[in-house]
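Engineer: Quick one: the structure is below, and I'll ask about it shortly.
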Amino acid sequence: MIVLQPIADTAHIVHGPIACCGNSWEGRGSLSNVGANCDAPETSPLHKMGFTTDLNEMDIIYGAEEKLYKAILQTCRAVRPKAVFVYSTCVSGLTGEDIDAVCRKAGTEAGVRVIPVNAPGFTGPKNLGNRIAGEVLLDHVIGTGEPPFRTECDINLIGEYNIAGDLWLVEPVLKAAGIRVLSRLTGDSTFEEITYAHRAKLNLVVCGRALINVAREMDRRYGIPYAEVSFFGKTEMAKALRAIKDRLSRSSGFNGSNSSGGLSERIEAVIAREEERLPARLKAYEHLRGKRAVLYTGGVKSWSFISALLDLGIEVVAVGTKKSTFEDEEKMKAILGPDAPLVEDVTPKNLLRLFREKGADMLIAGGRNQYLAVKEGIPFVDVNQERHTAYAGYAGLINLAEDISNSVKFYGGQAAFSGQPSACGRKNNAPIDKDKKTESHELKAESCLINPLKHSQVLGAAIAFQGVHNAAPVIHGAQGCNFLAKVLLTKHFREPISLVSTKLFTEDVVMGSGENAGRTIEGIVEKNRPDVVGVLTTGLSEVKGDDISDVMRELMLKNPETRFLHVSTPDYEGGLESGYAAAVEGLLGIAGSGLPWRPSDFQVNVLAGSHLTPADFTELREMIESFGLHPLILPDLSALDGSRQGFSPLAVGGTPVADIAEMRGSRFTIAVGLSMEKAAMKLKERFGIKYKVFEGLAGLEDTDEFMETLEALSGRKIPEKYRRQRRMLIDGMRDTHLLYGKKRACLALEPDLSVQFSKVLSEMGAVVSLSVLPDSAPSAARILADRVRAGDLFSIEGEFDILVSGSHAVDTAARLKTCLYQAGFPVYKIFGNTARVTIAYRGTLATVNEIANIFVSEVH
C-alpha cells in the first residue's frame, strides 16, 4: 500500500479484519494534487480514505468472497474510482480466499478495473511488499494505455511518493530544463498516467530498494533505460539532472545539444542558476557548519541525506544501516570514504550511546525515534514518511536547513532548563432502556467500511499495557500488526510506545509459531527484565489456532519473577474499547497474588476506561487523594502526558505490579466507563469488593455524583477547591449556554466517550442528532442521542453544527461543511491532547469553552 495508495483516483480495499486498515489509513505523508475523482467531487481524495471488509469470525468460518464482491461494488457506487486495488491480508490469505476470481467477477459487473494484490503480512517484510506492488503495476496497469502526446524528453519517476510535497519542489526544476514527467510511480499520480508509463524515454529510480524490479522489467519489456538518482541536496540534484541529460541524449541519439533542442545547455543553465542562488538563501544557516549528526533512515535516504547534510557543512559521525541494502552501504562509503562510520545496531540505547560518544549535535532519523530525541533533549529532524516538510530539490535543502536550525536553536535555548523545575440529563442509576437498540449500519449489509472509525482489540489492549509499570506488551502476529499499531499510538500520544512483535512469517504459519513466540519473549525478559509480559494474540495467530499455553507455562517456570499474561484480542471481533477492557480483566488476575496483603478502609480501586486522556488520570488521582483516600488506578496512563523523562523499551510510569496485587485489600472499586463494569464484577466475585460504575466523569451531574461518592467513602466533606471549581463551571455554562441552544451535534467516538460527551452536550442544551459507534455496544442505550448506530465516517450524512471525533474525521467534517472538535482516538492533528483535562468540573469547563469558541468563531 506504500507503493499503490498514492494513486489518488483509485480505491484501495483491505480484505481482512479491522486492524489491517484501521491502523494504517491516513498513515503516510503522501500528497496529491489529483484531489477527488471529478465524477464524485463530494468525496475526499481517495488516497486519504480507508476501505475494508472488516472480516469477523463468521466471515472466517464460512468464507468472505461474497462479502468482498459486494464491498467492491459498494465502493464503486460510493466513490466512483478509476480503478480498485484489493489487498489480501494474513487472515484472508490463511483462509484461502480467491481474491483473483472475485476481482474478475466484480470488475466485469462494475465496469471498472479491479486488481488483486496478494501480499499477506506473513509473506515477508515491507520491501517485499513494495516489490509485489511493482509486479502488480507491471502485470495489470503499465502498458494498457496510450498518452495523448509524446515528447523526446519524457521520463518516469519510479519510487517517488511525494512525501510532504517533495515532488512539487523537483518537477518545476525539471520543467525549466525542458524535461516532462510522463508518469509518476506513484506520488501525485493518476491511474491513467501509469497505464502509459511504457512510452517514456527514461526511467528515473528514486527509491531503488522498493521498485528497482519495475525499472529492470521495463528495460527488458520496453527497452527503457533507467538511472538511480536522488533529489536530496544540491550535489545529488546536479547529479540527477546530468544523469537525465546523459541518458536521454544517449537513448534518443542526440549528441549533447543539437536536435534535443539544447537539452544539455538547458540543464547546465538550470544547475548554474539554482546553485548561484543557494549561498544567499543558506546564509542564515551558516551556524550549522561544523555541527555533527547521527543519521538513521533507509533506502535512498540512507545515503542521499548524507550528501544533503554535507552540502550544509554538517559532519555525519554515524549512520544506521539496519534498513539499508549492500548497494546503499556502498554508496555511503563512496561519499564518506572506506572508513564510513556505519552502524548496524540502531536500538534506541545504542543510538543514544553513539550520540554521546561521537559528540553529535543532532539526530536525523524517522518518526519512531523522535521521542527518544524529545526525552533526551536532542535536536531532531524527521526525514521519513510521516514528516510534514518537503526536503527534495534545491528549495527542499533550504527547508532542511531551516528545520535543523530551528531544532538546534530550540534545544540550545532549553539547556538552562534541563534540571528540575526550581442540571439536566439522567442519573447514572437511572434504569437502562432495554428496548433501545443500536440501529444497524445502513452500509453494513453491503460489506464494506469506508473511512473506518473502528480500531482493533489488540490496539486497545496495547494501550492498556502502556499504563502498567515495567510492562512489555507483545503482539503475537505478523510484523505489520506491531509496526502499524506502534506508528499510530506514537502519533496519538506523541510518546515512545512499548510494543514488541513475534513477527510471524510464512514458515511460522506453516510449521507453528510457538518456538518463535517463546524465543521473542525470552529475549525481552533476558534484556529488559519486565515485571509483566502481556501476549496479545491477533487474528492471524487466533485463526491459525496457536495454543501458546505451553509456551507461557515454560516461560513462567524459567522466569518466576516475571508475570506472563495471555490476552485474547483477535481483530476480527470487538474493538479498541473491548480490547482495552480485556487487558484490564487479564491484569486483574495478578490481584491478590502478593502476600501478605493488607485490607484498608481508605484504599480504593479505580478501573479507568480507555476514553480518558493521560491528564485525566492525574486529575482523577488528585481528586481521590484530596479526600484522604489511597487510589490504586489500573491502568494508569498519566505518564503519557509528556512528563516522563528518559527512554525505556518497557512501559514505565504506570501502575506497579505490586499495586495490582494489593487491589484485593481495597474497600471499594470505582469503575470509570461502562466498559469497566466486567472488570469491577471480577473483583467483586473474587474478593467481595463492592463497586460503582460511573458512565462518565464529565458534566455537572456526573461530577456531583462522583464527589458525593468520595465524600461517603472517606467521611470527609468535599474540599473547597472543588466547590469553587463547581461554581466556576456553572458560571462558564451560563456564559456559553446561548451558543449551545438547539445546536445539532454528531458524535463519532468509542462508546464510553460517546456516553460522556452526550451528557455534557445535553446539559448545555445541545442536541446530539446522531451518534455513530465503531461497532454495536450495550452502552449504546446510555447515549443521549436522537439516533445511535454502528458505522463508519463515510456513512455520516446530515446537517450538524459540530462533529466530535478523532483526527481521521477532518475530511468528513469538510465534506459535511461543519466544525470538528477533535477528541477520542486517534488525535494527532492538534497539539496538547494528552495534556488536556476533560473530566470533573475543571475538565468539563475547558471542554465547554473550547466548543463554545468554535461556535462563536462560526458566528463571527
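The values are calculated or read from the model by the stated rules, or taken from the named source; none is laboratory data. Quantities reported herein were computed from a predicted structural model and do not represent experimental measurements. Each accessible area value is taken on the protein alone, full model and side chains, heavy atoms only, with ligands, DNA and RNA left out. Shrake-Rupley method; radii C 1.70, N 1.55, O 1.52, S 1.80 Å.
Engineer: For the range 294-377, evaluate the Debye formula with one uniform point scatterer on each Cα (no solvent term) and list log10 I(q)/I(0) at q = 0.11, 0.23 Å⁻¹, rounded to two decimals.
Structural biologist: Reported log10 I(q)/I(0), two decimals: -0.25, -1.16.
Engineer: In addition: Dividing the Cα convex hull volume of the range 7-160 by residue count, how many Å³ per residue is that?
Structural biologist: Values: hull volume 20.3 nm³, N = 154.
Cα-based convex hull of the range 7-160, divided per residue, equals 132 Å³.
Engineer: Here is a further query. Summing -39500 (n - 2.57) over the DSSP H runs of n ≥ 4 in the chain and dividing by its residue number, what mean residue ellipticity at 222 nm do you reach, to the nearest 500 deg cm²/dmol? All intermediate terms of the calculation are to be shown ahead of the outcome.
Structural biologist: Working: 31 runs with 369 residues, N = 860.
Helices in the chain give a 222 nm mean residue ellipticity of -13500 deg cm²/dmol.
Engineer: Determine the relative contact order of the range 626-752: mean sequence separation of Cα pairs under 8 Å and six or more apart, normalised by residue count, in whole percent. Display every interim value, and only then the final one.
Structural biologist: Numbers: 92 pairs, mean separation 29.3, N = 127.
Worked out over the range 626-752, it gives 23 percent.
Engineer: Roughly how many Å is it from the Cα centre of the range 450-487 to that of the range 753-775, as a whole number?
Structural biologist: Centre-to-centre (Cα) distance: 27 Å.
Engineer: Report the Stokes-Einstein translational diffusion coefficient (µm² s⁻¹, integer) for the chain, Rh taken as the Kirkwood radius over Cα pairs, at 37 °C with viscosity 0.692 mPa s.
Structural biologist: Numbers: Rh = 28.8 Å.
Rounded to a whole number, D works out at 114 µm²/s.
Engineer: Hey, any idea what the orientation-averaged projected area of the convex hull of the range 531-619's Cα atoms comes to, in nm²?
Structural biologist: Directional mean of the projected Cα hull area for the range 531-619 stands at 7.8 nm².
Engineer: Give the Rg (one decimal place) followed by the Dmax (whole number) of the range 351-407, computed from C-alpha coordinates and expressed in Å.
Structural biologist: When restricted to Cα atoms, the range 351-407 yields Rg and Dmax of 11.7, 33 Å.
Engineer: Summarise the accessible area of the chain (1.4 Å probe, protein heavy atoms) by the percent that is carbon and sulfur. Before the final figure, lay out each step's value.
Structural biologist: Working: 16690 of 32890 Å².
The C+S portion of the solvent-accessible surface of the chain is 51 percent.
Engineer: On to the next question. Give the span of the range 581-686's Cα atoms along each principal axis, as three whole-Å numbers ordered largest to smallest.
Structural biologist: On the principal axes, the range 581-686 reaches 37, 31, 27 Å in Cα extent.
Engineer: With just the Cα atoms of the range 121-160, tell me how far they stretch along each of the three principal axes, in Å, largest first.
Structural biologist: 43, 20, 9
Engineer: Let me ask something else about it. Could you give the distance between the Cα centres of the range 180-200 and the range 95-130, to the whole Å?
Structural biologist: That distance is 22 Å.
Engineer: Can you tell me the Rg and the Dmax, both Å, for the Cα atoms in the range 510-659?
Structural biologist: For the range 510-659, the Cα-based Rg and Dmax read 17.3, 57 Å.
Engineer: Hey, another quick one. Where a Cα-Cα gap under 16 Å defines reach, which lysines qualify for Lys684, not counting those fewer than 8 residues away within the same chain?
Structural biologist: Within reach: Lys692.
Engineer: If you don't mind, another one. Quick check for you: with a 1.4 Å probe and neighbouring chains kept, what is the accessible area per residue of the range 339-417, in Å²? Walk me through the numbers before you get to the answer.
Structural biologist: Numbers: 3370 Å² over 79 residues.
Each residue of the range 339-417 exposes 43 Å² on average to a 1.4 Å probe.
Engineer: If you don't mind, another one. Given 5 Å bins starting at zero, what is the percent of C-alpha pairs of the range 604-747 in each, up to the one with the largest pair distance?
Structural biologist: 2, 8, 16, 19, 19, 15, 10, 7, 3, 1
Engineer: How much area per residue is accessible in the range 84-209 when the probe is 1.4 Å and only protein heavy atoms are counted (Å²)?
Structural biologist: About 34 Å² of surface per residue is accessible.
Engineer: So what is Rg over Rh here for the range 719-799, counting just Cα atoms and using Kirkwood for Rh?
Structural biologist: Details: Rg = 14.7 Å, Rh = 13.7 Å.
Rg/Rh: 1.07.
Engineer: Considering the range 735-860, what Rg and Dmax in Å follow from its alpha-carbon atoms?
Structural biologist: 13.4, 41
Engineer: Could you work out the mean projected area of the convex hull around the alpha carbons of the range 130-251, in square nanometres to one decimal?
Structural biologist: Working: hull surface 27.4 nm².
Over every viewing direction, the Cα hull of the range 130-251 projects on average to 6.9 nm².
Engineer: Let me ask something else about it. If the range 814-860 were replaced by its equivalent ellipsoid, with semi-axes equal to the square roots of 5 times the Cα gyration tensor eigenvalues, what would those be, largest first, whole Å?
Structural biologist: Numbers: eigenvalues 79, 50, 13 Å².
Semi-axes, largest first: 20, 16, 8 Å.
Engineer: Here's another thing I want to ask about it. Can you give the Rg/Rh ratio of the range 289-342, where Rg is from the C-alpha atoms and Rh is the Kirkwood radius?
Structural biologist: Numbers: Rg = 9.9 Å, Rh = 10.8 Å.
On the Cα set of the range 289-342, Rg over Rh gives 0.92.
Engineer: Let me ask you something else. Where a Cα-Cα gap under 16 Å defines reach, which lysines qualify for Lys331, not counting those fewer than 8 residues away within the same chain?
Structural biologist: Lys239, Lys301, Lys322, Lys323
Engineer: If the convex hull of the alpha-carbon atoms of the range 65-150 is projected onto planes in all directions, what is the mean projected area in square nanometres?
Structural biologist: Numbers: hull surface 27.1 nm².
Mean projected area for the range 65-150: 6.8 nm², to one decimal.
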